[in-house]
Amino acid sequence: MPHYTKHQIKQFHEKYKEIDITFNKKVIEYTRFIPHEISFKVGNDNYSCIVNSSSMMGAHVILQADKIFFEKVKANNKWVSLRFAFRREDKSHPLTFFIKSKVKSFNPLQGKTQNLFIINIEFAQQPPDDYIEILGSLIDAGTNSKQRKHDRIDISNESMRLLHLESNNGIIYVNKKAVRCIIRDISLSGCKIIAKGDSQYFMNQPAIFAIKFSGEPEYTKIPGKILRTELIKENEDFLTIGIQFVENHIPNLFVRFVSDYFSKKE
């Protein structure tokens, strides 16, 4: 995730502060949220909880509570704190912080597990810049993915740095065969690559495009279909290949880095 300026963070807060984000699997993956390290603090007592959703103004959390818990909340004048934790790409220890909040309401959840409640809390103040940056960049990435779906990024030394790419080399998997390639450009909807081979072998075939981001242990794989092939006149052993990605199957990591690129270029 890029380091945003104070001005950009302020804009994120002004534009997106009221948008409530459900912490589903995709959001957890994108933000590097650590669910098992989240806690709900009342006074000096910590309770395990689940963040169901959150905005920059408050959150809805699910936890198991009893009479003693609600007595503590009442005795503390409904003041509580919510601890967040996120993994960081460049550090072994996570980013953690507490947000002071106030309980606004609570409702029991029906189900097999007893004493489960969803608790609505309101942040007592503007949350830390780190949190605004995390939620703001997530919402901004969603906006970029719609508005800039077809905007292509030419691969150069500068764009590789901004995209966190290890190199301009990639891999495509066609008919279970791995073929090395050179990346010419990418977008949120597809890519253009150069690879060695026969046009008839590639044309109209399903393919998986694999790209390596710096600091990531594995290649990020994106399913797609080859729509275009063209011989390179200077060397007819090689082809320019156009791949269209399968919508709704594009990894969040790829979306994040492409969206980060556009944010840095603005």
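The values are calculated or read from the model by the stated rules, or taken from the named source; none is laboratory data. What you see is a predicted model, and the numbers here were worked out from it, not measured in a lab. Ideal geometry is used to build each Cβ from the backbone, glycine not excepted, and the neighbour counts take in all protein chains shown.
Considering only region 10-55, state which residues are part of a helix (DSSP H, G or I) and surrounded by fewer than 17 Cβ atoms within 10 Å (Cβ to Cβ).
Passing the criteria: LYS10, GLN11, GLU14, LYS15, LYS25, LYS26, ILE28, GLU29, PRO35, HIS36, GLU37.
Consider GLY136 carefully, then state whether it is buried (at least 17 other Cβ atoms within 10 Å of the Cβ), outside any helix (DSSP H, G or I) and of a type in the set (Gly, Ala, Ser).
So GLY136 does not fit the description; no.
Has region 252-260 got any residue that is assigned to a strand (DSSP E or B), within 23 Å of ARG87 (Cβ to Cβ), outside the structural domain of LYS26 (by TED's automatic domain parsing) and not aliphatic (A, V, I, L, M)?
Scanning region 252-260 turns up no residue that is assigned to a strand (DSSP E or B), within 23 Å of ARG87 (Cβ to Cβ), outside the structural domain of LYS26 (by TED's automatic domain parsing) and not aliphatic (A, V, I, L, M).
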